[in-house]
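For reference, the structure is listed below as structure tokens.
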Amino acid sequence: MRSLTLPAAMALAACVSATPVAAPASKDLAGLADHLSSYITGFKNPSIVPSVGGKALCVSGIVDVTASATNHEFLRQASTNRTELTELLLGLFQINSTLPATIFGKPTQVSGTFSIYSQLCFPQDTLTISDTQGYTTFNYDRLGVGLSDHPDPLQVVQAELQIAIVHGISELLRSGALAAYKFEKVVAVGHSYGSIVTYGWTKEYPHDMDAAVLTALDLASVVNPILYSELPAGYITSSTITGLQFSFFRWPAYDEQLLYNAWENAQPLTLAEFLSGASILASPNTNFTGPVDVVDGEHDQANCAGNCLLPVDQTAPAITDFYPAASKSSDHYIAPGSGHFVNYHYAATGAYEHIHNFLKKNNF
């Protein structure tokens, strides 16, 4: 059976989740929908509910994931002042800035068992479009997000540990420790910051997955005290809905209600996680040789300064630059009219169709 893994995220808005997904169900799983209660292995306090699209049945609950990683000591104190945080970020992105060298110190080993909120969805006949295509999907709240653990945002929640956690999840899926089923094929799928995690994952653990799909601040506790009052200052998110629109949306290519939905459901990420992500992309991935699909919005502000077709399609060189050893069956796609958050634009359906055609082309 095939499985897809999606670390998805909205970078600055920090709506971050991750997901492993599996391929079309094999015949021996035809009766799975009638016996889903037997597939709760590995979940704490599991519940069984229909997927959002109603095409799958899902097991939701906490999964304990043991992981260790080499983080780096974060040398700055978490600020509770939005102006100070904004100035720090402006200084970091300034040309010839010397600040990056003052942010991280010596390597530090981080390890533990983390409670990760997860959802495993099995197709009833075959999570939205993925369900109708017959894929089993595994979604999870990344460390520091949603119902998963929220440890120290500066010293613990960094990109390297996020990579180690998704590696641990893939081992659970492959070994049968989750749902008492050994998934034979795993496809990693990430969006925005989730694509950074996916890139690092394919680089450090290239045998975890069979293919990969990569698709295109403010203080969380200050911006929304109702949602984030219990979080330390190191958790950050977009400060206004206008800032969210600027970074992730491109009007009129979306339903405006979805902008408000994204704002109301945005999740924070940590300052250290955000800054440590840059080192993940610093060098090409020569380890992963499977097929790679790169998908981006035509007007992605973060990745293409608002025009991913200037001077040519920017998704094609992204494959050769980041994945020089990838399979020749790799592919790329520009979602017309879309901003960074492709999933919330009208072009999302076309992007999903492209992704599933890519998977079919590669026999997943």
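Residue by residue, here is whether (1) at positive phi; (2) among the charged types (D, E, K, R); (3) modelled with pLDDT under 90 holds:
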{"position": "V295", "(1), (2), (3)": "no, no, no"}
{"position": "E298", "(1), (2), (3)": "no, yes, no"}
{"position": "A302", "(1), (2), (3)": "no, no, yes"}
{"position": "A305", "(1), (2), (3)": "yes, no, yes"}
{"position": "L309", "(1), (2), (3)": "no, no, no"}
{"position": "A316", "(1), (2), (3)": "no, no, yes"}
{"position": "T320", "(1), (2), (3)": "no, no, no"}
{"position": "A326", "(1), (2), (3)": "no, no, no"}
{"position": "Y333", "(1), (2), (3)": "no, no, no"}
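Every condition in (1) part of a helix (DSSP H, G or I); (2) out of contact with any helix residue (DSSP H, G or I) (no Cβ under 8 Å at 6 or more places or on another chain); (3) at pLDDT 95 or above holds for I226 except the one numbered (3).
Residues that are surrounded by fewer than 22 Cβ atoms within 10 Å (Cβ to Cβ) and in contact with an Asp or Glu (Cβ under 7 Å, 6 or more places away or on another chain) were ranked within the range 254-303; the one that is nearest to Y333 (Cα to Cα) is N303.
The set of residues from the range 276-307 being within 28 Å of H356 (Cβ to Cβ), among the small types (G, A, S) and in a loop (DSSP other than H, G, I, E, B) comprises G290, G306. Filter the range 319-364 down to residues that are among the aromatic types (F, W, Y) and either farther than 20 Å from W201 by Cα or assigned to a helix (DSSP H, G or I) (or both) and give me whichever is nearest to the chain's Cα centre (by Cα). Of everything passing the filter in the range 319-364, F341 is nearest to the chain's Cα centre (by Cα).
Would you mind stating whether V157 is modelled with pLDDT of 95 or more and hydrophobic (A, V, I, L, M, F, W, C)?
Yes; evaluated as a whole, the condition is true for this residue.
Of all the listed residues (P50, P20, P100, P107), the sole one being under 16 Å from E273 (Cα atoms) and at pLDDT below 85 is P100.
Tell me which residues, restricted to the range 71-107, are touching a Ser or Thr at 6+ places or on another chain (Cβ under 7 Å) and of a type in the set (S, T, N, Q). Selection gives N71 alone.
The values are calculated or read from the model by the stated rules, or taken from the named source; none is laboratory data. Model, not experiment: these values are computed from the prediction. Note that we place each Cβ from the backbone using ideal geometry, even for glycine, and neighbour counts take in every protein chain shown.
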